[in-house]
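Engineer: Structure incoming, see below.
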Amino acid sequence: LFAIDEAHCVSQWGHDFRPDYLLLSLLHERWPDVPRIALTATATAATRQEIIQRLQLDDARVFVSSFDRPNIRYRIDAKDQPLKQLLSLIRSEHPGDAGIVYCLSRKSVESTAASLNAAGVNALPYHAGLDARVRANHQSRFLREDGIVMVATIAFGMGIDKPDVRFVAHLDLPKSVEGYYQETGRAGRDGLPSTAWLAYGLQDVVQQRRMIDQSEGTLAHRRNLTTHLNAMLALCETVQCRRAQLLDYFGQPQPAGGCGNCDTCLAPPESWDGTVPAQKLLSTVVRLDRERRQRYGAGQLIDILLGRETDRVVQQKHEQLATFGIGTELTEPQWRAVVRQLLAQGILGVADDGYGTLVVTEESAAVLKGKRPVALRREPERAAREARGSKRSAAASDLPADASDLFERLRAWRGAEARAQGKPAYVVFADATLRGIAILKPETHAALTEL
């Protein structure tokens, strides 16, 4: 039997196209009598069809299991000092837990890992620019030791099967829902409560749009990248259940009423009529464009709308624009949220000039003429989390106090035993088993086998 894992890599429209996978059709040509099976966790209907076509599996049966991972809590927060947000997540919800933090660039991987270590979090960097021996050592430590946080680019993770990863955090916006689902699925493989957290901001949208515009691929390829990004933005900006939208993307219906284990279910956001603010912003963009003053991003536009006489505003005589100071009903963070959501909806665009200049799109005219209303998402008010909250790991968060204390002592014993045996901690005992011991407190071998 030939088993082809991560088979979505065969799809050029998938989140991680790898041309070498196309050579796997040779298996059928050279060994036509040997059975083949293709496996993946992240294939949409279109990707499944491409796997069948490219690997010549036309007569094969197709088995599709559930895409739902009910133990994972999905959270997407507005980006506001993301490193502080990440530290708060780790300290208050996942102290001492294993986790993965994904960053877009090698530089941000290095700086984030260094900052976490300086803050007392045991973190390791991982990216393709590191020496192969260093990468192998870091991966081995992550698999074998408790409580390691791996800070990585997407070069890390494929094929990793560590069951007790308690959180996956993204400090940058993933390029596609497939990539997001694949990466967050590395959390909680033992079925215990885990977190998928993403910090998402205006600059993420601008950067991703600019990367697509500057892509060297064909027009069709850029359109597909845009389609993937739009689906990811829709997931970020939804006011509905995130899990339902995620499952719907993969073609799996979700019962009405929400999942009860994502941020939009636990703290439902409101929508509000953002038509007038959108018109004010678009009018400013149009006025700057008329005067051929095109190299301005969100910061300058917001300064104009708020009536700020900054050096740049005065130098360019932007205080003379008709829209100067007409947006004081919103704060700067609120205006940045408006810009972000207009970009997500395609009402604003990013110029292909390398500067992140905001421009009008085909959708803008209908908004300016009042023919298209604009509904925007209002971020819910979240209670501030204590930066140094509970010292209990997430796997013990719902246990009674006495069981939780015993669970943590068992974890410490397991760590020492794993080091002595030279094995990963979860091979000695899985978190689920330690939870059972902490709750039931078996006193005989027979009672232990009942867990």
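The values are calculated or read from the model by the stated rules, or taken from the named source; none is laboratory data. It should be emphasised that the depicted structure is a prediction, and the values quoted were computed from it without experimental measurement. A quick note on method: Cβ atoms are made from the backbone with ideal geometry, for glycine too, and the neighbour counts reach across all protein chains shown. Accessible surface areas use protein heavy atoms only, side chains included; no ligands, DNA or RNA. Shrake-Rupley method; radii C 1.70, N 1.55, O 1.52, S 1.80 Å.
Engineer: Label 7 Å along Cα→Cβ of Asp398; the stretch 80-116 residues with amide nitrogen under 12 Å?
Structural biologist: It comes to no residues whatsoever.
Engineer: A further question follows. For the stretch 97-210, just say rounded, prolate or oblate: build the C-alpha gyration tensor, square-root its eigenvalues into a ≥ b ≥ c, call rounded for a/c under 1.5, and beyond that prolate if a/b exceeds b/c, oblate if not. Present the calculation step by step, with values, prior to reporting the outcome.
Structural biologist: Values: a/c = 1.56, a/b = 1.20, b/c = 1.30.
Verdict is oblate for the stretch 97-210.
Engineer: Could you work out [θ]222 nm for the chain from helices alone, using -39500 (n - 2.57) per DSSP H run of at least four and dividing by all its residues? Round to the nearest 500 deg cm²/dmol. Before the final figure, lay out each step's value.
Structural biologist: Working: 19 runs with 191 residues, N = 451.
Helix contribution divided over all residues of the chain: -12500 deg cm²/dmol.
Engineer: What is the magnitude of the charge dipole of the stretch 56-180 about its Cα centre, with +1 placed on the Cβ of each Lys and Arg, -1 on the Cβ of each Asp and Glu, and no other charges, expressed in debye to the nearest 20? It would help to have the intermediate numbers written out before the result.
Structural biologist: Numbers: 16 positive and 15 negative charges, 65 e Å.
Here the size comes out at about 320 debye.
Engineer: Rounded to the nearest Å, what's the spacing between the alpha carbon centres of the stretch 62-79 and the stretch 306-335? Just the number, please.
Structural biologist: 41 Å
Engineer: Using a simple spin-label model with points 7 Å from Cα along the Cα→Cβ vector, what separation in nm is obtained for Gln421 and Arg223?
Structural biologist: Here the answer is 5.6 nm between the modelled labels.
Engineer: At 1.4 Å probe size, with every protein chain present, just tell me what the per residue accessible area of the stretch 208-353 comes to in Å². Provide the component values of the computation, followed by the final result.
Structural biologist: Working: 7060 Å² over 146 residues.
Value for the stretch 208-353: 48 Å² per residue.
Engineer: Pull out the extension gain between Ala60 and Lys371, defined as 0.36 nm times the separation in residues minus the alpha carbon to alpha carbon distance; nm, one decimal.
Structural biologist: Values: separation 311, 0.36 × 311 = 111.96 nm, distance 5.00 nm.
Roughly 107.0 nm would be gained on extension.
Engineer: I would also like to ask the following. In the chain, what percent of the accessible surface is made up of carbon and sulfur (1.4 Å probe, ligands and nucleic acids excluded)? Don't jump to the answer; show the numbers that get you there.
Structural biologist: On the way: 11250 of 22260 Å².
The nonpolar share, carbon plus sulfur, comes to 51 percent.
Engineer: Which angle from 0 to 90°, rounded to the nearest 10, does the C-alpha axis of helix 132-144 make with the longest principal axis of the chain?
Structural biologist: Value to nearest ten degrees: 60.
Engineer: Which of the aspartates and glutamates could a cross-linker span from Lys175 if the Cα-Cα distance has to be under 14 Å and same-chain partners fewer than 8 positions apart are dropped?
Structural biologist: Those aspartates and glutamates meeting the cut-off are Asp16, Glu183, Asp204, Asp213.
Engineer: Can you give the accessible area per residue of the stretch 31-122, in Å², using a 1.4 Å probe?
Structural biologist: Values: 4870 Å² over 92 residues.
Spelled out: the 1.4 Å probe surface of the stretch 31-122, per residue, equals 53 Å².
Engineer: Going through the cross-link list Lys79/Lys371; Lys79/Lys317; Lys79/Lys107; Lys84/Lys423; Lys84/Lys317; Lys280/Lys371, which pairs have a Cα-Cα distance over 26 Å in this structure? Intermediate values should be presented prior to the final figure.
Structural biologist: Numbers: Lys79/Lys371 32 Å; Lys79/Lys317 31 Å; Lys79/Lys107 19 Å; Lys84/Lys423 33 Å; Lys84/Lys317 37 Å; Lys280/Lys371 15 Å.
Cα-Cα > 26 Å for Lys79/Lys371; Lys79/Lys317; Lys84/Lys423; Lys84/Lys317; rest within.
Engineer: Only sites in a loop by DSSP and with at most 14 other Cβ atoms within 10 Å count here; which GluC sites (Glu not before Pro) in the stretch 314-381 make the cut?
Structural biologist: Those that pass, being in a loop and sparsely packed, are Glu329, Glu362, Glu381.
Engineer: Rounded if a/c is under 1.5, else prolate if a/b is larger than b/c, else oblate: which is the stretch 97-150, with a ≥ b ≥ c the root eigenvalues of its Cα gyration tensor? Intermediate values should be presented prior to the final figure.
Structural biologist: On the way: a/c = 1.81, a/b = 1.05, b/c = 1.73.
In terms of gyration-tensor shape, oblate.
Engineer: State the extension gain, in nm to one decimal, for the chain segment bounded by Ala45 and Phe2, taking 0.36 nm per residue of separation less the distance between their alpha-carbons. All intermediate terms of the calculation are to be shown ahead of the outcome.
Structural biologist: Details: separation 43, 0.36 × 43 = 15.48 nm, distance 2.27 nm.
Gain on stretching Ala45 to Phe2: 13.2 nm.
Engineer: With a cut-off of 20 Å, note down the residues of the stretch 184-221 whose backbone N falls inside the zone around a label point 7 Å from the Cα of Val359 toward its beta carbon.
Structural biologist: Label zone hits: 203-221.
Engineer: Name the residue from Leu246, Thr328, Cys103 whose Cα lies farthest towards the positive end of the charge dipole of the chain, charges +1 on Cβ of Lys and Arg and -1 on Cβ of Asp and Glu.
Structural biologist: The residue sitting most towards the positive pole is Thr328.
Engineer: Would you mind finding the longest exposed-site-free stretch of the chain, with exposed trypsin sites (Lys or Arg not before Pro) meaning DSSP loop and at most 13 other Cβ atoms within 10 Å?
Structural biologist: Working: sites that count: Arg61, Arg292, Arg295, Lys317, Lys369, Lys371, Arg382, Arg385, Arg388, Lys391.
Between the exposed loop sites, the longest stretch runs 62-291.
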